[in-house]
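These notes are about the structure you will find just below.
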Amino acid sequence: MMHSGNVRAPDLELATHYAREFYSRRQESHRLWIVPREAITELDDPDLLKPPFDRSFKRPGGYLIKHKLEAAKARAAEES
Amino acid sequence: MSTDASAEAFYAHVMGGGKVEADDPMPDDYRAAILKFVEMHANSELMGVLPERDWILRAPTLRRKLALTSKIQDEVGHAQLLYRVAEDLGKPREQMFADLLAGKTKFHNVFHYPTHSWGDVGIIAWLVDAAAIVSQQALRDSSYAPYARTMKKICWEESVHIMHGRDVVLTLMNGTSRQRAMVQEALNRWWGPLMQMHGPPTNPATDRDLIWKIKTKGNEQLRQEFLSIYVPRIWELGLTVPDPGLRHDHATGRWEYTEPDWDELRSVVTGHGPASQERLGFRRTNYDQTQWVRDAILGPAAAVA
């Protein structure tokens, strides 16, 4: 699911027609969800979305294993 | 779906690689099969956090504690996402919980075993999650589109867990001989359950989950993929896989191994594993103790409706 864009229309029925013309005229959409702008709740608080703490352990790049792996392999070779 | 003709058209659609959405008409057999599959997966994510939960307070450093807590939060999140997918197929969440707690529905074999050391935490996060991600990656092509989409997010997060687990294992392998032994002992404990995890080979001609593309790869294919990637990574650390029959047959390109104990698998997943009843007991107690939260949140809404 992705945000396709927005349309300006006097009511939901026309908004649906516009959305269909704009965003599925080349069969690029499986479904369209048309929602009035006032029904959208927005969260944009950076303290909640991007808190200023180190959270690198939540990402694959947060684990730097290259040197550990080399050391462990060298030790395995030494002992075999 | 009422007529045989429309069911036939449906199966032709999925067998030809077509996708199914939650509100599409679908035959009862397909609905039941996908629900059973997703519900078991959801149960496994939920029960799978219990062995790791025991180690939050015993994590060796603050960073490990944060990473482990975060992994557990991810797994509970996966359970939530999957129960949502299952709910849309028509089974209420309360019923899925009741069936899990009553032992009527299953969860993965690996979550029926106790943990003994921090080495187990590393092996679980590295290899249990690795075995899981092999099957989950294949599920991104499932014929049931809401499940396939959910699996994309889950796979991304599982890949972080594998890094966390591999980092734990590498740190121990670079440590003292006692720490290294801890990893080997954990591997010895988990290898049997890991080899059973994907299940016995099934006949592709009769495996409905495979025919209907609910899953896209057979059990044995998944196990072979797991062995291909991870056995060399285990060996390069100087660890020994506790199976004298394990070897790569260069002629066939396949991994040979000692037949896993399928009786143990059947016994464990039907609630007779060494930690099955303790884990279910914990869940029951936890469910009772959190009833007030559900009452507080759902009470007024239920009253309004």
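The values are calculated or read from the model by the stated rules, or taken from the named source; none is laboratory data. These numbers were taken from a predicted model, which means no experiment stands behind them. Cβ atoms come from the backbone with ideal geometry, glycine included; neighbour counts cover every protein chain shown.
Enumerate the pairs (first residue in the range B:274-292 and exposed (fewer than 10 other Cβ atoms within 10 Å of the Cβ); second residue anywhere and assigned to a helix (DSSP H, G or I) and basic (Lys, Arg)) with beta-carbon separation below 9 Å, excluding pairs fewer than 6 apart on the same chain, so at least 6 apart or on different chains. Within 9 Å, no pair qualifies. Counting the residues of the range B:54-73 that are closer than 28 Å to B:Ala148 by Cα and away from chain A (no Cβ under 11 Å) gives 1. Listed by position, the helices (runs of 4 or more DSSP H) inside the range B:100-206 whose residues that are hydroxyl-bearing (Ser, Thr, Tyr) and in contact (Cβ under 8 Å) with a residue 24 or more places away in the chain number at least 1 are B:129-139, B:145-173. Since A:Glu38 meets every condition but one in (1) at pLDDT 90 or above; (2) over 25 Å from B:Asn174 (Cα atoms); (3) within 14 Å of another protein chain (Cβ to nearest Cβ), which condition does it not meet? Result: A:Glu38 fails condition (3) only. Tallying residues that are exposed (fewer than 10 other Cβ atoms within 10 Å of the Cβ) and more than 18 Å from the chain's Cα centre (by Cα) within the range A:36-46 yields 3. Selection of the range B:230-276 for residues being acidic (Asp, Glu), out of contact with any helix residue (DSSP H, G or I) (no Cβ under 8 Å at 6 or more places or on another chain) and not in a helix (DSSP H, G or I) yields B:Asp249, B:Glu256, B:Glu259. The residues of the range A:47-80 that are more than 9 Å from every other protein chain (Cβ to nearest Cβ), within 25 Å of B:Leu237 (Cα to Cα) and either among the hydrophobic types (A, V, I, L, M, F, W, C) or surrounded by 15 or more Cβ atoms within 10 Å (Cβ to Cβ) (or both) amount to a single one, A:Ala74.
Entry remark, the range B:23-36: residues being surrounded by 19 or more Cβ atoms within 10 Å (Cβ to Cβ) and farther than 16 Å from B:Ala7 by Cα number 1 in total. More than 17 Å from B:Gly271 (Cα to Cα), part of a helix (DSSP H, G or I) and more than 14 Å from every other protein chain (Cβ to nearest Cβ): is that true of B:Val76 in this structure? So B:Val76 passes the test. Across the range B:158-209, the number of residues qualifying as surrounded by fewer than 19 Cβ atoms within 10 Å (Cβ to Cβ), within 14 Å of another protein chain (Cβ to nearest Cβ) and at pLDDT below 95 comes to 1.
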